[in-house]
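Working notes, beginning with the structure itself.
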Amino acid sequence: MAWSTLLLLDAGSALQIGTGSIVRAYGSVAVAAGGTVAIGQRTAIMQGSEIAVSRGAKVEIGNDVYVGAYSNMRSSRRIKIGDNVHLAQFVSLVGGQHSFIERDRLIREQPFEEGDVVIEDDAWLGVGVAVLSGVTVGTGAVVGAGTIVTKDVAPYSIVVGNPARMVGERQA
């Protein structure tokens, strides 16, 4: 049985993988022309995880990051993950979404709204977390399993729920 990782790189795209980093089997990295993916040192991207980067967009993953199995990142602008971040299994980082305000137009014909997703250093995102476009998860924050993050999360805060709400803070 052969295990593989699929790398799809369009002409003019860039992929950098740091020393000691791994991208496990059955995952994929797809980078459109002009897009870039940079993975820092000692970073593990586990099996079945996907990274998809649109034309001209970026995904930057820091050092000593763990991306759990079957997580996915979709960037139409920029996704930035700091150092020492832990993403559990099935985490989604979504860098864009369709507008749906006008009911007399099909959703697929409405503008695509893009925004950065930033996960700062030492954050921990639990199983099944979804972080939507335009959101920053602050340094040292903890996001509980199944949480949908639609607004910025303050540094060192603990959030849970749909939508995310603060339930505590990490202590100094």
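What follows is calculated from the coordinates using simple rules that are stated; it is not laboratory data. Worth saying up front: this structure is predicted, and the values here are computed from it rather than measured.
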### Cα gyration tensor shape for region 87-126, rounded if a/c is under 1.5, else prolate or oblate
prolate
### Task
Using a Gaussian network model of the chain whose springs link C-alpha atoms within less than 10 Å, name the residue from GLU114, GLU60, GLU102 with the highest mean-square fluctuation.
GLU102
### Task
List the extent of the Cα atoms of the chain along each of their three principal axes, largest first, rounded to whole Å.
49, 44, 29
### Cα gyration tensor category, rounded, prolate or oblate, for region 53-121 with a/c compared to 1.5
prolate
## Note on the structure
The alpha-carbon pair-distance distribution computed for region 83-172, with 10 angstrom bins and whole-percent values, is 19, 47, 22, 11, 2, 0
### Message
Apply the a/c threshold of 1.5 to the C-alpha gyration tensor of region 43-83 and tell me whether it is rounded, prolate or oblate.
### Response
oblate
